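See below for the structure under consideration.
The values are calculated or read from the model by the stated rules, or taken from the named source; none is laboratory data. Please read all numbers here as calculations on a predicted model, not as lab measurements. Here the Cβ is made from the backbone with ideal geometry for all residues, glycine too, and neighbour counts use every protein chain on show.
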Amino acid sequence: MKYIFSFWGILDSVALIPYYFGLPADLREIRVLRFISKFKYDPAIVNIEKAFNDIKKELIIFSILTVFLLYVAAVGIYHFENPAQPENFADIFHSMWWAVATLTTVCYGDIYPITVGGKIFSSIIVFISLGVVAVPAGLIASAFSGIFKNKE
């Protein structure tokens, strides 16, 4: 029963559902997911699992912080840029695209702030988001380093 609700049990179930229910052939390619279970006992996967289990709480906290920061960034840029660019920042959800692109430091350039307030707000958000992205990366690197040190 424990296996059924584990990651590997759910993966096997999703992979076999199209086969057992006779779904169209284009959905049967999902069965390729079964190959992922071949990695279950691979030492590299075991190391990755240990690393993420060691820092699970910290990653959850930073994920919540990231979602909150995305919301604040979207609302803030909407407040500054909607009067100047109503077509690009039509509502909070359109502003969310800018927030995601900016917080992930991708910055496609399809929408960007043109007002002074929007540019200052964007600069502040970029500096905060760099910290929010850098800390979890450091946590993950530290967890891997600890696992490799313990193996020696």
Restricting attention to segment 53-66, does a residue exist that is under 30 Å from Asp12 (Cα atoms), crowded, with 16+ Cβ neighbours inside 10 Å and of a type in the set (D, E, K, R)? yes
Residue list for segment 89-131, restricted to those being surrounded by 14 or more Cβ atoms within 10 Å (Cβ to Cβ), without any contact (Cβ under 8 Å) to a residue 40 or more places away in the chain and of a type in the set (Gly, Ala, Ser): Ser95, Ala99, Ala101, Gly117
Can you pull out every residue in segment 136-152 that is surrounded by 13 or more Cβ atoms within 10 Å (Cβ to Cβ) and modelled with pLDDT of 90 or more? Pro136, Leu139, Ile140, Ser142, Ala143, Phe144, Gly146
Just checking, how many residues over segment 111-133 are over 14 Å from the mean Cα position of the chain (by Cα) and at pLDDT below 90? 2
Inspect segment 50-57 for any residue being within 21 Å of the chain's Cα centre (by Cα), at pLDDT below 90, β-branched (Val, Ile, Thr) and in a loop (DSSP other than H, G, I, E, B) and give the result as yes or no. no
Does Val72 qualify as being more than 17 Å from the chain's Cα centre (by Cα) and among the hydrophobic types (A, V, I, L, M, F, W, C)? yes
Against the definition (modelled with pLDDT under 95, at negative phi, of a type in the set (A, V, I, L, M, F, W, C) and over 25 Å from the mean Cα position of the chain (by Cα)), how does Phe21 come out, yes or no? yes
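Please pick out the residue among Thr115, Thr104 that is among the hydroxyl-bearing types (Ser, Thr, Tyr) and within 30 Å of Ala44 (Cα to Cα).
Every option except Thr104 fails the conditions.
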